[in-house]
Amino acid sequence: MHAKVNRVLAAALLSGVVVLLSPGMSGTAAAEELVVIANPGVSLESIATKDLQRIYLGKKTLWPDGSSIVTVMPKDGTVHDRFIEDYLDRSVQRFATYWRQMVFTGKGVPPRSFATEADLVAFVAATPGTVGFASDVADTSGVKVLPVE
């Protein structure tokens with residue numbers, strides 16, 4: 001009897017491990033996707049990943065029309081971390097260290113951060129030249145969603 005129970009428990013445990021390690025699965029129930037958003041006055045209809053990298057590292061500060069780029073991001077969380085890792089190709093720690101060095105040497109100002117997505121989206125909607133990102137479930141009315149190339 002104990003052997004049968006042990007086999008059932010082992011099979012259940014093994015299948016649980018297989019599910020957790022399946023491609024595309026993460027430790028959270030549902031992985032949040034993200035969208036890049038901009039003030040409606042930004043003239044772009046899409047944005048390249050390379051441009052996002054340059055913008056969020058302070059290397060590109062002007063839009064094609066000559067207006068200033070204002071960068072914003074969530075203060076922390078899954079979407080924050082995924083953007084840095086997937087779009088900027090850096091670890092969160094490396095990104096933070098980069099901006100500490102830039103500020104210390106007077107070479108740049110890091111993206112402004114917001115505690116809530118609602119505050120971030122409202123700021124993007126109200127501030128010309130602003131670009132940011134949020135989860136794909138955030139209310140993005142009032143801003144332009146920019147597909148990433």
| field | Failed criterion for Arg112 (all others in (1) open to solvent by less than 50 Å² (accessible area, probe 1.4 Å); (2) in contact with a helix residue (DSSP H, G or I) (Cβ under 8 Å, 6 or more places away or on another chain); (3) basic (Lys, Arg) hold) | value | (1)
| field | Any chance Lys60 is open to solvent by 80 Å² or more (accessible area, probe 1.4 Å), among the basic types (Lys, Arg) and over 17 Å from Glu33 (Cα atoms) | value | no
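Could you check how many residues of region 121-142 are open to solvent by less than 70 Å² (accessible area, probe 1.4 Å) and under 12 Å from Val70 (Cβ atoms)? Don't jump to the end; show me each part of the working.
As a first pass, look at region 121-142 and keep what is open to solvent by less than 70 Å² (accessible area, probe 1.4 Å): 121-125, 127, 129-135, 138, 140, 142.
Within this subset, residues satisfying the condition of being under 12 Å from Val70 (Cβ atoms) are 123-124, 127, 129-132.
Residues in region 121-142 being open to solvent by less than 70 Å² (accessible area, probe 1.4 Å) and under 12 Å from Val70 (Cβ atoms): 7 in total.
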| remark: Log entry, pairs with first residue in region 135-149 being at positive phi, second being at pLDDT 95 or above and surrounded by 17 or more Cβ atoms within 10 Å (Cβ to Cβ), beta carbons closer than 6 Å, six or more apart or on different chains, reads Gly142/Ala125
| task | Identify all residues within region 53-65 that are at pLDDT below 95 and on the phi > 0 side of the Ramachandran plot; write none if there are none. | result | none
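Report yes if Thr127 is out of contact with any helix residue (DSSP H, G or I) (no Cβ under 9 Å at 6 or more places or on another chain), touching a residue at least 60 places away in the same chain (Cβ under 8 Å) and over 21 Å from Lys50 (Cα atoms), otherwise no.
Numbers: out of contact with any helix residue (DSSP H, G or I) (no Cβ under 9 Å at 6 or more places or on another chain): yes; touching a residue at least 60 places away in the same chain (Cβ under 8 Å): yes; over 21 Å from Lys50 (Cα atoms): yes.
Here the answer is yes, as Thr127 does meet what is asked.
The values are calculated or read from the model by the stated rules, or taken from the named source; none is laboratory data. None of these values were measured; they are calculated from a predicted model. As a convention, Cβ positions derive from the backbone with ideal geometry for all residues, glycine included, and neighbour counts pool all protein chains shown. These area figures cover heavy atoms from the full protein model, side chains too; ligands, DNA and RNA do not enter into them. Shrake-Rupley method; radii C 1.70, N 1.55, O 1.52, S 1.80 Å.
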